[in-house]
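These notes concern the structure reproduced below.
The values are calculated or read from the model by the stated rules, or taken from the named source; none is laboratory data. What you see is a predicted model; the values in this text were computed from it and never measured. For neighbour counting, all protein chains shown are included, and Cβ atoms are generated from backbone atoms with ideal geometry for every residue, glycine included. These area figures cover heavy atoms from the full protein model, side chains too; ligands, DNA and RNA do not enter into them. Shrake-Rupley method; radii C 1.70, N 1.55, O 1.52, S 1.80 Å.
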Amino acid sequence: MSHVEVATVLRCSVSRLTYITTRSPTCSIRSQRLGPVAAANTLANRPSRRHYSSPDSYLSTRSTVVQLLSNIGSKREVQQYLSHFSSVSSQQFAVIKVGGAIITEHLQTLSSALAFLNHVGLFPVVVHGAGPQLNRLLEQAGVEPQFEDGIRITDGKTLQLARSLFLEENLKLVEAVENLGVRARPITSGVFTADYLDKDKYNLVGKIQKVDKNPIEAAIKAGCLPILTSMAETHEGQILNVNADVAAGELARALQPLKIVYLSEKGGLFNGDTKEKISAINLDEEYHDLMTQWWVRHGTRLKIKEMKELLVDLPRTSSVAIIHPADLQKELFTDSGAGTLIRRGNKVHVNDKLSQFEDIDAFKSVLLRDREALDAKATVDRYVQGLGEREFRAYFDEPMEALAIVLPSQASSSMAQLATFTITKSGWLTNVADNVIAAIKKDFPKFMWTVKTDDENLTWFFDKADGSLSKEGETLFWVGVESGDEVKDLMTEFTKHGRDMLGDINLESRLQKAAKAALSMSGASQRSTPPQHARAYSTIARPTLKCPAGIARGSRKRGPQTAPGSSRSYATTTNPNPPFGAKNASNSQPAKVAVIGARGYTGKALIEILDNHPNMDLRHVSSRELAGQKLQGYSKREIIYENLSPDDVRRMEEKGQIDCWVMALPNGVCKPFVDAIDEASQGETVIVDLSADYRFDNKWTYGLPELVDRAKIAKATRISNPGCYATAAQVGIAPLLNHLAGPPVVFGVSGYSGAGTKPSPKNDINNLRENLIPYSLTGHIHEKEISTQLGTDVYFMPHVGAWFQGIAHTIHIPLSTPITARDIRTLYQDRYAGEPLVRITGDHPYVRNIAKTHGMQVGGFDRDADGKRVVVCVTIDNLLKGAATQCAQNMNLALGYAEFEGIPLGEGRER
């Protein structure tokens with residue numbers, strides 16, 4: 001059963017069990033049929049008073065939920081974490097910060113998760129925000145939200161709306177939890193005392209100076225979940241607005257909880273290079289390197305920095321989790337987790353000489369712990385003495401919760417051997433074992449070890465290994481062995497000799513032999529030797545399936561420095577360059593935008609997209625012809641066209657007034673503006689140029705996200721937007737690049753909007769009526785662009801048609817080997833899997849179907865009789881995906897937003 005399925009069952013069971021305790025305490029768990037929403041509605045609409053779980057039913061409910069939890073983790077994991085969380089006072093279990101979007105979009109999931117925690121005896125302290133709801137309220141009230149340094153400037157009207165909204169959202173969450181039979185207490189004041197953060201700059205925004213725990217402790221003592229707003233008051237009683245993340249941090253500093261949970265729709269932090277969720281960040285080991293990664297920017301950078309500052313003020317046992325509410329159970333009660341776990345951790349030390357241990361007796365004590373063989377102490381003494389006579393490397397954290405000893409490869413073996421690995425329960429809980437094994441993998445790309453098959457942490461070892469073989473109660477694991485012959489030899493040797501193939505290097509083996517000898521001497525009749533005829537089995541990671549898109553059973557990936565081959569991986573997409581969706585976004589703050597040359601068709605199309613974008617804040621538009629006129633089509637604020645000169649642009653750049661410049665100018669015109677920005681900036685301001693001026697400049701990044709590494713675009717500050725013809729042609733040819741027998745030939749026809757607004761024969765409607773105009777049939781700038789980007793010659797013949805917008809390409813592609821039409825179509829479907837702006841169709845796409853839409857269609861795939869030639873048809877709107885939409889994609893990537901934010905994709909499509 002997957003953790004998603006279990007979470008659903010848990011939600012249903014919490015709802016059902018609540019109903020059971022008020023109606024039929026004897027009802028069995030197998031009758032769970034009422035879903036969480038239905039249960040909540042049923043309970044809410046009942047005419048009688050709300051019922052809560054009775055004391056007599058508490059233990060039964062707790063037992064049931066624990067039983068269900070075991071489906072998402074081992075019994076050992078669930079009991080261990082539950083014991084860990086119950087070991088502190090109730091208010092020290094967890095602080096959970098809930099964003100406004102979670103209340104709006106995931107209220108039932110959230111309330112069910114909180115109810116489930118309460119049913120196992122835990123009392124998380126919840127503090128919530130309501131930012132998105134407040135933005136909508138302000139917009140409806142005609143108040144434009146103002147931010148400075150990412151902080152909302154709060155005037156009297158904004159505070160009035162915010163106060164009313166926070167009370168409403170708090171009550172909504174409290175009622176949702178109580179509808180599931182769990183008592184909750186709204187705490188909307190009296191906890192946070194604050195001074196003004198900077199009254200002149202931010203107005204009614206507070207900086208928390210004191211946290212009063214009494215209302216929280218009183219709520220928990222009364223058996224209620226405390227649910228707080230992030231509002232604060234001054235000593236004089238003035239209400240002040242406080243960011244909910246900040247409030248959660250200050251609450252955590254006061255309560256010193258084991259867990260600080262930030263619920264997020266993204267479900268964690270994502271690595272911009274691998275596109276994967278970061279499972280764990282060990283700040284002591286990884287922070288400085290992490291902060292040098294290009295994708296750690298904007299909100300992601302701020303979040304990691306704030307988490308580090310928070311955890312420094314908390315015990316080392318505390319950790320931060322960023323998680324989706326649906327995955328809360330898996331995050332809290334399994335080693336593998338589900339979101340991003342951030343902890344201080346303990347720095348891993350490495351010794352290669354016994355003299356480097358300050359206390360050799362303490363070192364021996366660590367090797368002895370949990371080992372009670374009769375001759376254990378003498379065996380450890382002899383083992384340590386042997387280490388002094390050979391090369392070894394010991395890995396351990398400061399308190400030695402985890403200790404590993406690795407013996408480098410010898411002449412007789414090409415593999416290093418993990419000779420012993422001892423970890424305390426605390427070490428498992430704080431994931432220090434992950435840090436140690438990662439450190440070993442850095443130093444030893446190829447090593448092996450053995451573990452007893454009844455080891456309660458066996459699944460963890462499976463996750464860390466590339467392959468394994470089990471025989472007669474022992475499991476051999478290995479890392480870095482990719483040669484088939486080497487794997488075969490390893491398996492043959494282990495099958496024949498078992499753990500004895502490693503000799504006496506393994507401390508566990510020595511202790512077992514000592515224990516057996518002692519039992520034999522005492523005439524013990526019991527033998528711990530497993531049956532001699534147990535069937536061996538193996539698990540081998542297939543090297544051909546190694547792909548950064550997946551990870552093995554629940555192993556936590558480290559941040560930016562995951563060792564190659566450190567986990568089993570499985571391909572999850574055929575697209576080598578998947579989109580940067582909302583989960584990859586790192587920025588939630590508005591970006592100030594200026595458009596130079598906004599008079600043309602593309603400029604107008606871009607302004608419409610910016611108007612729909614929640615974070616693009618258009619500040620300036622420049623057009624010599626329209627200077628002084630009001631900009632049409634932009635509703636966020638009134639903007640008047642300006643006639644900005646390069647000197648004006650330089651001054652604005654020096655003052656840091658713009659985050660992103662868009663050059664929507666004809667070819668050969670934008671260089672003076674770009675030079676002015678370059679002279680005044682530190683290279684951090686983004687420029688997207690829609691002309692052809694920088695498409696062949698290696699210092700600029702070519703911005704075709706479907707074909708160019710999206711991470712490269714996201715890192716860039718100078719982006720050349722591709723041409724419309726060139727975009728469609730490259731997308732139409734790229735999947736067959738490895739099968740070309742010669743240059744593809746592109747016959748392209750564009751609507752007359754592609755000729756611009758300046759009058760010419762190519763946009764003269766009378767000249768185009770019942771006509772098709774060929775032009776620049778050799779040497780067109782787009783022919784050079786297509787050939788340069790694809791790395792092969794392509795011949796392009798452009799024409800202008802009698803319609804306004806939209807391009808049709810008919811592309812002749814000679815093939816080096818015959819390919820069936822079905823296989824050709826599959827190549828395109830696989831290459832563009834998951835691309836919301838590229839649609840693959842078996843039919844011939846029509847211009848009329850693509851005009852005024854933001855994507856492109858690729859289809860036809862007509863093959864000649866011998867399979868040596870295929871004709872592919874591509875359609876694209878030259879003003880949108882061929883220009884403005886693509887510009888918006890590039891802006892989003894470079895500024896840290898979800899790639900398709902502000903771009904209409906159709907219902908249900910991820911941004």
Options 425, 446: the member that is surrounded by fewer than 21 Cβ atoms within 10 Å (Cβ to Cβ), without any contact (Cβ under 8 Å) to a residue 60 or more places away in the chain, over 21 Å from residue 359 (Cα atoms) and within 32 Å of the chain's Cα centre (by Cα): 446
Failed criterion for residue 220 (all others in (1) among the β-branched types (Val, Ile, Thr); (2) open to solvent by 40 Å² or more (accessible area, probe 1.4 Å); (3) in contact with a helix residue (DSSP H, G or I) (Cβ under 6 Å, 6 or more places away or on another chain) hold): (2)
Total residues in segment 179-206, condition on the phi > 0 side of the Ramachandran plot and polar (S, T, N, Q): 1
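Conditions tested, residue by residue: (1) of a type in the set (Ser, Thr, Tyr); (2) in a helix (DSSP H, G or I); (3) surrounded by 23 or more Cβ atoms within 10 Å (Cβ to Cβ).
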site	(1), (2), (3)
114	no, yes, yes
122	no, no, no
127	no, no, yes
157	no, yes, no
161	no, yes, no
167	no, yes, no
180	no, no, yes
186	no, no, no
Matching residues in segment 388-422 - criterion: being open to solvent by 40 Å² or more (accessible area, probe 1.4 Å) and more than 25 Å from residue 314 (Cβ to Cβ): 388, 389, 390, 391, 393, 409, 410, 411, 412, 414
Of all residues in segment 776-805 being part of a loop (DSSP other than H, G, I, E, B), among the aliphatic types (A, V, I, L, M) and touching a helix residue (DSSP H, G or I) at 6+ places or on another chain (Cβ under 9 Å), the one that is surrounded by the fewest Cβ atoms within 10 Å (Cβ to Cβ): 802
Test: residue in segment 471-486 that is surrounded by 19 or more Cβ atoms within 10 Å (Cβ to Cβ), on the phi > 0 side of the Ramachandran plot, modelled with pLDDT of 80 or more and among the small types (Gly, Ala, Ser): yes
Scan of segment 852-866 for residues that are free of Cβ contacts under 8 Å to residues at least 24 places away in the same chain and out of contact with any strand residue (DSSP E or B) (no Cβ under 8 Å at 6 or more places or on another chain), ordered by number: 865
Residue list for segment 743-772, restricted to those being closer than 22 Å to residue 600 by Cα, among the hydrophobic types (A, V, I, L, M, F, W, C), in contact with a strand residue (DSSP E or B) (Cβ under 9 Å, 6 or more places away or on another chain) and free of Cβ contacts under 8 Å to residues at least 40 places away in the same chain: 768
Selection from segment 627-672 of residues that are of a type in the set (Lys, Arg), farther than 26 Å from residue 612 by Cβ and open to solvent by 70 Å² or more (accessible area, probe 1.4 Å): 651, 655, 671
Entirely in segment 806-911, the strands (runs of 3 or more DSSP E) that have 3 or more residues that are modelled with pLDDT under 95: 856-863
Residue match in segment 885-900 (condition: within 30 Å of residue 271 (Cα to Cα), aromatic (Phe, Trp, Tyr) and buried (at least 19 other Cβ atoms within 10 Å of the Cβ)): yes
Single condition residue 619 does not satisfy, out of (1) part of a strand (DSSP E or B); (2) open to solvent by less than 10 Å² (accessible area, probe 1.4 Å): (2)
Breaking point among (1) touching a Lys or Arg at 6+ places or on another chain (Cβ under 9 Å); (2) open to solvent by 40 Å² or more (accessible area, probe 1.4 Å); (3) not in a strand (DSSP E or B), for residue 215: (2)
The one condition in (1) over 21 Å from residue 898 (Cβ atoms); (2) open to solvent by 10 Å² or more (accessible area, probe 1.4 Å) that residue 255 fails to fulfil: (2)
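This table checks each residue for (1) under 15 Å from residue 228 (Cα atoms); (2) in contact (Cβ under 8 Å) with a residue 24 or more places away in the chain; (3) touching a Gly at 6+ places or on another chain (Cβ under 8 Å).
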| residue | (1), (2), (3) |
| --- | --- |
| 165 | yes, yes, no |
| 177 | yes, yes, no |
| 180 | no, yes, no |
| 184 | yes, yes, no |
| 189 | yes, yes, no |
| 195 | no, yes, yes |
| 202 | no, yes, no |
Listing of helices (runs of 4 or more DSSP H) fully contained in segment 673-775 that carry 2 or more residues being farther than 23 Å from residue 797 by Cα and either open to solvent by less than 10 Å² (accessible area, probe 1.4 Å) or acidic (Asp, Glu) (or both): 710-715
Candidate set: segment 576-614, residues that are assigned to a helix (DSSP H, G or I), in contact with a strand residue (DSSP E or B) (Cβ under 9 Å, 6 or more places away or on another chain) and of a type in the set (D, E, K, R); chosen: the one farthest from residue 888 (Cα to Cα): 583
Segment 820-845 residues that are closer than 20 Å to residue 579 by Cα, paired with ones that are open to solvent by 30 Å² or more (accessible area, probe 1.4 Å) and part of a helix (DSSP H, G or I) (beta carbon under 8 Å, 6 or more apart): 840/825; 840/829
Helices (runs of 4 or more DSSP H) lying entirely in segment 375-443 (those with 3 or more residues that are in contact with a Phe, Trp or Tyr (Cβ under 9 Å, 6 or more places away or on another chain)): 432-443
Options 162, 194, 176; residue that is over 30 Å from residue 298 (Cα atoms) and of a type in the set (Gly, Ala, Ser): 176
Residues of segment 817-868 classified as among the small types (Gly, Ala, Ser), open to solvent by 20 Å² or more (accessible area, probe 1.4 Å) and at positive phi, total: 1
